[in-house]
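Here the structure is laid out as structure tokens; the discussion comes afterwards.
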Amino acid sequence: MARTRPNPPVIHMIVAIVVVLAPALLAVAWFQRVPDAPVAKVDPTPVIAAAQAAQFPIAVPSKLPEGWVCTRARWTPLGKPGVSGAYAAGNTAGLGYLSPDRVYVAVDQSDAAPEVLISDVTRRGRPDGTSSLGERTWTRYVSDDGRTRALALISDGRVTIVSADTGYPAIEAFATTLTWSGQA
């Protein structure tokens, strides 16, 4: 009985395909790895001090669990140019924090007309009930696409807004950490 041998050109073709495709597949896998972007940490202390010096009671989170990082801190006094270059209609403060789960939570405040800041921060959100946190009742807002949720507290001529692209329980938990530094 004669043995049949595999056709040498077929074997050579299979080897050539493996030799060409293996490095290509490894290269694709290597370059598709996306490392986490480095987090730019910001020290909020100068902003908090500037707000306190202006007698503005700035809301500051205290006793956040391990892993939270401040990534935004700004203070714009009444009449000074803000981030957009427009002059601030009131004193405004903004702090932003990144959670250990990489969820960004913002605290924005102003003593100007609250409707404008609420509309901007909530992405023109609509009221969505209330949250009672301690002795304060916050108004809930949700954006039209349901992505952004926020809590807004209007008190003593100021508005404080806590917002994030997450559910109300996480935003409420963050809001309970706030203390008003420099309260007159």
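The values are calculated or read from the model by the stated rules, or taken from the named source; none is laboratory data. It should be emphasised that the depicted structure is a prediction, and the values quoted were computed from it without experimental measurement. Here the Cβ positions follow ideal geometry from the backbone for every residue, glycine too, while neighbour counts run over all protein chains shown. Ligands, DNA and RNA are stripped out before the accessible areas are found, and what is left, the full protein with its side chains, is counted by its heavy atoms. Shrake-Rupley method; radii C 1.70, N 1.55, O 1.52, S 1.80 Å.
Quick look at the values:
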item	result
Test: V116 is surrounded by fewer than 19 Cβ atoms within 10 Å (Cβ to Cβ) and within 25 Å of V39 (Cα to Cα)	no
Search result, residues across the stretch 29-47 that are open to solvent by less than 80 Å² (accessible area, probe 1.4 Å), modelled with pLDDT under 95 and not in a loop (DSSP other than H, G, I, E, B)	A29
Positions within the stretch 164-184 being outside any helix (DSSP H, G or I) and open to solvent by less than 10 Å² (accessible area, probe 1.4 Å), in sequence order	A164
Tally, over the stretch 48-73, of residues that are under 14 Å from S110 (Cα atoms), in a loop (DSSP other than H, G, I, E, B) and open to solvent by 30 Å² or more (accessible area, probe 1.4 Å)	2
Exclusive hit being more than 14 Å from E172 (Cα to Cα), modelled with pLDDT of 95 or more and in contact with a strand residue (DSSP E or B) (Cβ under 8 Å, 6 or more places away or on another chain), set S110, S131	S110
The stretch 159-172 residues that are of a type in the set (F, W, Y), paired with ones that are modelled with pLDDT of 95 or more and open to solvent by 30 Å² or more (accessible area, probe 1.4 Å) (beta carbon under 9 Å, 6 or more apart)	Y168/D128; Y168/G129; Y168/R140; Y168/R149
Residue identified as outside any loop (DSSP other than H, G, I, E, B), open to solvent by 20 Å² or more (accessible area, probe 1.4 Å) and of a type outside the set (S, T, Y) among I154, I161	I154
D111 vs. criteria of a type in the set (D, E), surrounded by 15 or more Cβ atoms within 10 Å (Cβ to Cβ) and farther than 30 Å from P38 by Cα	yes
Tally of residues being among the hydrophobic types (A, V, I, L, M, F, W, C) and within 30 Å of A73 (Cβ to Cβ) across the stretch 15-43	5
Selection count, the stretch 74-105, where residues are surrounded by fewer than 19 Cβ atoms within 10 Å (Cβ to Cβ), assigned to a strand (DSSP E or B) and either in contact (Cβ under 8 Å) with a residue 40 or more places away in the chain or hydrophobic (A, V, I, L, M, F, W, C) (or both)	2
Residues being within 15 Å of L98 (Cα to Cα) and of a type in the set (F, W, Y) - total across the stretch 136-184	1
Test result for A73, of a type outside the set (S, T, N, Q), within 19 Å of S163 (Cα to Cα) and touching a strand residue (DSSP E or B) at 6+ places or on another chain (Cβ under 6 Å)	yes
Conditions (1) modelled with pLDDT of 95 or more; (2) open to solvent by 80 Å² or more (accessible area, probe 1.4 Å); (3) assigned to a helix (DSSP H, G or I): number failed by M13	(1)
